[in-house]
Structure formats: structure tokens, C-alpha cells
Amino acid sequence: MKTELFAKQIRRKSLEMVNHANASHVAGALSIADVLAVLYNSIMNIDPENPLMEERDYLIYSKGHTCVALYAALALKGFYPVSDLDTYGKKGSPFISHVSSKIPGVEFSTGSLGHGLPLACGLALAFKRQKKKNNVYCVVGDGEMDEGSNWEAMLFACQNGLDNLCLIVDVNKLQAMGKTVDILDLENITAKFEAFGWICRRIDGHNLAEIEKSLSLFSTSSGKPFAVICDTIKGKGVSFMEGELRYHYAPPTDTQLQEALNELN
């Protein structure tokens, strides 16, 4: 599947899942869809038929409340049938509303913000000490960067030369209660990462070619951890959701779902 179509399909399935379950957090799923499409289509070393292969790359999806995007990406990639997503949010389903490691392809249950990057650092350090070639990718949100555990982990990563670690920050500029700039301003985030000793690139998080180019550069970096700061739009791809805080929580109605799916066609 071409990456552009893959990203659209992630968005479509995310919208359908949130609508059917009357759940939250669809806008943040839409903002990260392009990054996930590139990671799973052309960057990470994975095998859907053997999710636990020893030499695989690891993705720690720290912004676990936007789980529908990851669940959709894994299903579309063949880790399990797409029809399994119909159970999302239903009683007894393993597809719960924060990322669950019960799902094939999910390395760690997440959703407690600020936990993913420290875990990713531990994995990356273990792989380096064991002289293994596995790369570790970690996805966080910009609101999640309010958590102090991330900044401690950033120092740890540089101190230990974790050049097998790539952090992707989804800068969609909105968090639960408002604009990130009004709650705890991150800028200049690139300068902050560089001051902490990281290699850092800032890109358009919806430009597939730019995402792929930046993530490909990670594999050629040496001696330092690598960060990709992705400027995105919360609700990307659905005009009435783009940049609207209410869709951090509100699911699309049936009418809105059809309108959104029509746009994505």
C-alpha cells in the first residue's frame, strides 16, 4: 500500500473506531497518522507474521490515549485482521482506549504520559550493551513534554550515547485544556534538544517525503540520540476538526463521521 493511502486509511479507521465506541482523542490520532504511515511502511524493521522477531525495531507509543491510530496502522499492516478493530472499546475487547500490549505489535501499554521515553531509553541502553542492532522509536505529544520525566530521560540518553534511539514529538500545539503555548510554552524546542546534546530536526509532520527523509537520517547518525520535531495539525485531514480543541474529547457524530469519510475519499 502506498504511504499516502496508508495514512488516509489510518485516519478513516481511527474515525470509525472512535465514532462506534463513542470514545475520545480522535484529533490527536489524526495528527500522528502520517508519521505512523511512514514508520510502518518504509522505516522500521518489522514482520507482521512474526511480531516478536528478535531483530525487530521497537516503537514505544507514549501518547497512548490516541491508540486508535496505532491500532489501525498495525491492522492495516497485517498484524491482525482489520475486522478486529470493530471491537474497539467494547466489553471484553483487548482493544482498550489506551494502548495495550495485549495487541500484536504493541511493545508496551501506555497512556500514563511521560513514561514512554524513559522506557525507550532503557531499551536502547540494553540493546547497546548487548551489541544488538535493534533501533528504538518513541512517539510523544507536545503536551506530554510538560512531564519532567521526559527531560531527565533526554539527559540520560545523551549521557549514554543512545544513537539507537529516535524520539518523535507530535507538535500539534493543543493539549487537553488548551493551547500548549498558553499552558507551558515549549519553544524553542529544537534549541532545547540541541542544548541537551541531541541531534534534532524540525519538519512538517504531514509531508510524507520530509518525514521519510528525516527518519532515514537517523540510521546514519552516530554517538547521539536523534529527535524529529513534527509540526502537525490536530485533527488533520478533516476540515471541521483541524485545530479544534473540542475534538480532543468529542467523538464525531454519525453525520460528522460520514462527512469526514467523504473528505478523506
Condition check for Ser214: without any contact (Cβ under 8 Å) to a residue 40 or more places away in the chain and either surrounded by 21 or more Cβ atoms within 10 Å (Cβ to Cβ) or closer than 16 Å to Gly143 by Cβ (or both): yes
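Do we have any residue at all in region 235-243 that's touching an Asp or Glu at 6+ places or on another chain (Cβ under 8 Å) and either under 20 Å from Gly143 (Cα atoms) or at pLDDT below 95 (or both)?
Residues of region 235-243 touching an Asp or Glu at 6+ places or on another chain (Cβ under 8 Å): 235-240.
Among the residues that remain, those that are also either under 20 Å from Gly143 (Cα atoms) or at pLDDT below 95 (or both) are: 235-236.
Within region 235-243 (the criterion being touching an Asp or Glu at 6+ places or on another chain (Cβ under 8 Å) and either under 20 Å from Gly143 (Cα atoms) or at pLDDT below 95 (or both)), the answer is yes, since at least one residue qualifies.
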So Leu119 fits all but one of (1) on the phi > 0 side of the Ramachandran plot; (2) assigned to a helix (DSSP H, G or I); what number is the exception? (1)
Determine which member of the set Val99, Val38 is outside any loop (DSSP other than H, G, I, E, B) and at pLDDT 95 or above. Val38
From the options Asn164, Asn134, residue that is in contact with a strand residue (DSSP E or B) (Cβ under 9 Å, 6 or more places away or on another chain), closer than 26 Å to Ser221 by Cβ and surrounded by fewer than 19 Cβ atoms within 10 Å (Cβ to Cβ): Asn134
Just wondering, is there one or more residues in region 187-194 that are of a type outside the set (S, T, N, Q) and within 17 Å of the chain's Cα centre (by Cα)? no
Looking for something crowded, with 22+ Cβ neighbours inside 10 Å, out of contact with any strand residue (DSSP E or B) (no Cβ under 7 Å at 6 or more places or on another chain), touching a residue at least 60 places away in the same chain (Cβ under 8 Å) and among the β-branched types (Val, Ile, Thr) - is there at least one such residue anywhere in region 50-60? no
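Condition (residue is among the hydroxyl-bearing types (Ser, Thr, Tyr), modelled with pLDDT of 95 or more and within 15 Å of the chain's Cα centre (by Cα)) applied to region 49-58: is it met by at least one residue?
First, the residues of region 49-58 that are among the hydroxyl-bearing types (Ser, Thr, Tyr): 58.
Those still in the list that are modelled with pLDDT of 95 or more too: 58.
From what is left, the residues that are within 15 Å of the chain's Cα centre (by Cα) are 58.
Yes, because at least one residue in region 49-58 is among the hydroxyl-bearing types (Ser, Thr, Tyr), modelled with pLDDT of 95 or more and within 15 Å of the chain's Cα centre (by Cα).
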Can you tell me which condition Thr110 does not meet? The list is (1) in contact with a strand residue (DSSP E or B) (Cβ under 8 Å, 6 or more places away or on another chain); (2) over 17 Å from His25 (Cβ atoms), and all the others hold. (2)
How many residues does region 63-90 contain that are in a helix (DSSP H, G or I), of a type in the set (Lys, Arg) and either touching an Asp or Glu at 6+ places or on another chain (Cβ under 7 Å) or within 27 Å of Gln175 (Cα to Cα) (or both)? 0
Considering region 1-29, residues that are assigned to a helix (DSSP H, G or I) and of a type in the set (Lys, Arg), and then whichever is nearest to Glu242 (Cα to Cα), we arrive at Arg11
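State yes or no: is Leu186 of a type in the set (A, V, I, L, M), part of a loop (DSSP other than H, G, I, E, B) and either in contact (Cβ under 8 Å) with a residue 40 or more places away in the chain or in contact with a Gly (Cβ under 6 Å, 6 or more places away or on another chain) (or both)? Talk me through it step by step, then tell me what you get.
Numbers: of a type in the set (A, V, I, L, M): yes; part of a loop (DSSP other than H, G, I, E, B): yes; either in contact (Cβ under 8 Å) with a residue 40 or more places away in the chain or in contact with a Gly (Cβ under 6 Å, 6 or more places away or on another chain) (or both): yes.
It is true that Leu186 is of a type in the set (A, V, I, L, M), part of a loop (DSSP other than H, G, I, E, B) and either in contact (Cβ under 8 Å) with a residue 40 or more places away in the chain or in contact with a Gly (Cβ under 6 Å, 6 or more places away or on another chain) (or both).
The values are calculated or read from the model by the stated rules, or taken from the named source; none is laboratory data. Here the structure is a predicted model, which is why all the values come from computation and not from measurement. Glycine also receives a Cβ, built like all others from the backbone with ideal geometry; neighbour counts cover every protein chain displayed.
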